[in-house]
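A quick write-up on the structure given underneath.
We did not get these values from a lab; they are worked out from the coordinates using the rules stated. Keep in mind it's a predicted model, so treat the numbers as computed, not measured. Neighbour counts are summed over all protein chains in view; Cβ atoms, including those assigned to glycine, are modelled from backbone coordinates with ideal geometry.
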Amino acid sequence: MEPIIFSIETSCDETAVAILKGKNKVLSNLVVSQIDIHKIFGGVVPEIASRKHLNYLNQLTKKAFEEAEIEPDKISAVAVTYGPGLVGALLIGLNFAKGLALNLNKPLIGVNHLYGHIYANFIAFPELKPPFLILLVSGGHTMILLAKDYLHFEIIGQTIDDAAGEAFDKVARMLKLGYPGGPKIDELAKNGKPVYDFPKPLYNKGYDFSFSGLKTSLLYFIKQNKNFKIEDVAASFQKSLIDTLIHKTIKASKEFKINDIIIAGGVAANSYLREKIKTEKEKSKKLNIYFPPLNLCTDNALMIARAGYEKYIRNKFADLNLDAIPNLGLKDIC
């Protein structure tokens with residue numbers, strides 16, 4: 001009998017719950033975004049995010065079970081994000097999950113948010129199996145990983161300063177585009193040309209990334225030039241950042257002789273990234289590139305359920321002492 005996983009994701013400003021049966025049968029997938037609330041502040045306000053999670057969770061949970069047409073006692077386990085993320089937001093979801101698991105007498109599964117982003121691909125591509133490479137790009141993390149097994153990921157390279165998504169948000173603020181920055185720059189860049197030569201830090205040095213220099217270069221450009229086309233600046237910045245991501249990922253693919261590459265995290269929704277890496281696939285003919293559906297790129301509970309499934313079938317459960325870990329790393333347990 002296939003397990004049914006109920007999951008909760010509240011690591012930042014999306015309140016999400018999902019119900020997944022087996023590996024990829026979606027019974028419910030609900031997300032309430034707080035973007036409209038936080039954009040007036042230019043970014044996420046942690047306390048507001050926590051309060052909104054508290055307001056939404058009970059209602060979303062009830063709706064999820066109605067949508068799935070099952071009773072709560074029919075689930076096999078409760079999976080929940082316990083890090084990384086905003087500590088207050090994490091605690092709201094974690095404590096709700098503990099209460100639900102205790103009330104239903106079901107096992108609790110703690111899921112690393114980063115593993116969730118990786119497993120979003122497994123919902124769309126159930127045939128995926130290790131080994132494969134991962135380009136994980138989000139607001140808080142940028143790294144290239146080698147998947148040696150289903151729950152064993154080795155870090156090949158990572159950012160030494162800003163994450164890619166963070167750089168998008170900071171540059172968007174410089175250009176007065178508002179929050180969230182990634183989608184706004186992506187959309188603006190479609191009407192521009194990459195005519196400005198912004199740097200690509202560490203482009204030919206190993207597998208680590210650095211985007212603070214790129215961000216600083218753009219800041220000085222804006223101060224020193226008054227007559228520029230904002231669409232061209234957006235396109236030029238985006239090209240420098242995305243080209244660096246892809247260059248290092250393809251380089252790792254060749255060095256480690258692995259042709260399966262999955263893209264994960266919020267920045268995986270970027271249209272230029274998707275277009276550019278598909279061009280690399282067409283050039284090599286050997287590469288297999290996997291992107292999660294757009295609705296699974298940003299934070300959602302379905303990806304947490306899918307990672308939770310892998311832990312469930314291996315009996316990797318948590319006890320009620322599980323705590324939120326805001327700086328949880330990928331080397332820590334899934």
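Placing +1 on the Cβ of each Lys and Arg and -1 on the Cβ of each Asp and Glu in the chain, which of S138, L151, N315 has its Cα farthest towards the positive end of the resulting dipole?
So the residue we want is S138.
Just to be sure I understand the model, the point goes 7 Å from the Cα along the line to the Cβ. What's the resulting K62 to K129 distance in nm?
4.5 nm
Beta carbons within 10 angstrom, averaged per residue: use that to sort the peptides 227-237, 26-36, highest first.
227-237, 26-36
Counting Lys and Arg as +1 and Asp and Glu as -1, each charge on the Cβ, what is the dipole of the range 130-292 about the Cα centre in debye, to the nearest 20?
In debye, rounded to 20, the range 130-292 gives about 460.
Can you compute the modelled spin-label distance between N227 and N259, with each label point 7 Å from Cα toward Cβ, in nm?
Between N227 and N259, the simple spin-label model gives 5.2 nm.
What FRET efficiency comes out for the pair I37/K176, r = Cβ-Cβ distance, R0 = 30 Å, nearest 0.05?
0.90
Suppose we keep just the DSSP beta bridges with both residues in the range 130-292; what percent of those would be antiparallel, to 5?
Of the beta bridges lying entirely in the range 130-292, close to 60 percent run antiparallel.
When a/c reaches 1.5 or more, the comparison of a/b and b/c decides; with that in mind, is the range 130-292 rounded, prolate or oblate per its Cα gyration tensor?
prolate
Among bridges DSSP assigns within the range 1-160, what percent are antiparallel (round to 5)?
75 percent
If you plug each phi of the range 284-296 into the Karplus form 6.51 cos²θ - 1.76 cosθ + 1.60 with θ = phi - 60°, what whole-Hz ³J(HN,Hα) values come out, in order, with x for Gly and Pro?
These are the phi-based 3J(HN,Hα) values: 8, 6, 8, 6, 10, 10, 10, 10, x, x, 4, 6, 10 Hz.
Given an 8 Å cut-off on Cα distances and at least 6 residues of separation, report the relative contact order of the range 130-292 as a percent.
Answer for the range 130-292 is 26 percent.
Could the peptides 158-166, 303-311 be put in order, highest first, of the mean number of other beta-carbon atoms found within 10 Å of their residues?
Taking the mean over residues of other Cβ atoms within 10 Å, the ranking is 303-311, 158-166.
Considering only DSSP beta bridges with both partners in the chain, what is the antiparallel share in %, to the nearest 5?
Of all bridge pairs located within the chain, approximately 60 percent are antiparallel.
What residues have an amide H closer than 5 Å to that of D162, excluding those fewer than 5 places away on the same chain, when H is modeled at 1.01 Å from N in the peptide plane?
Distant-sequence amide H within range of D162: F211, S212.
Using only alpha carbon pairs under 8 Å that are at least six residues apart, calculate the relative contact order of the range 231-334 and give it in whole percent.
Answer for the range 231-334 is 23 percent.
For the charge dipole of the range 130-292, defined by +1 on Lys and Arg C-beta atoms and -1 on Asp and Glu C-beta atoms about the Cα centroid, which residue among V233, I289, G165 has the Cα displaced farthest towards the positive pole?
Going by the Cα projections, it comes out as V233.
Would you mind checking which residues have amide H under 5 Å from Y290's amide H? H placed 1.01 Å from N; only 5 or more apart, or other chain.
I261, I262, I263
Hey, what do the phi angles of the range 222-229 turn into as Karplus ³J(HN,Hα) couplings, whole Hz, using 6.51/-1.76/1.60 and θ = phi - 60°, x for Gly and Pro?
Computed from phi, the couplings for the range 222-229 are 5, 5, 8, 10, 9, 9, 9, 8 Hz.
For the chain, with a Gaussian network of springs between Cα atoms less than 10 Å apart, report the residue from Y207, Y312, Y196 with the top mean-square fluctuation.
Y196
So I have (1) 20.0, 65; (2) 36.2, 115; (3) 19.4, 68, and one of them is Rg and Dmax of the Cα atoms in Å calculated from this model. Which one is it?
Among (1) 20.0, 65; (2) 36.2, 115; (3) 19.4, 68, the one derived from this structure is (1).
Restrict the search to the range 236-288; then list the trypsin sites (Lys or Arg not before Pro) that DSSP places in a loop and that have at most 15 other Cβ atoms within 10 Å of their Cβ.
When the trypsin sites (Lys or Arg not before Pro) of the range 236-288 are filtered for loop state and at most 15 Cβ neighbours within 10 Å, K257, K285, K286 remain.
Provide the per-residue ³J(HN,Hα) series for the range 185-202, in order, calculated from phi with Karplus coefficients 6.51, -1.76, 1.60 and θ = phi - 60°, each as a whole number of Hz, with x at glycine and proline positions.
Computed from phi, the couplings for the range 185-202 are 5, 4, 5, 5, 5, 5, 9, x, 10, x, 8, 9, 8, 7, x, 10, x, 6 Hz.
For the chain, what is the charge dipole size about the Cα centre, in debye to the nearest 20, if Lys and Arg each add +1 at the Cβ and Asp and Glu each add -1 at the Cβ?
I would put it at about 900 debye.
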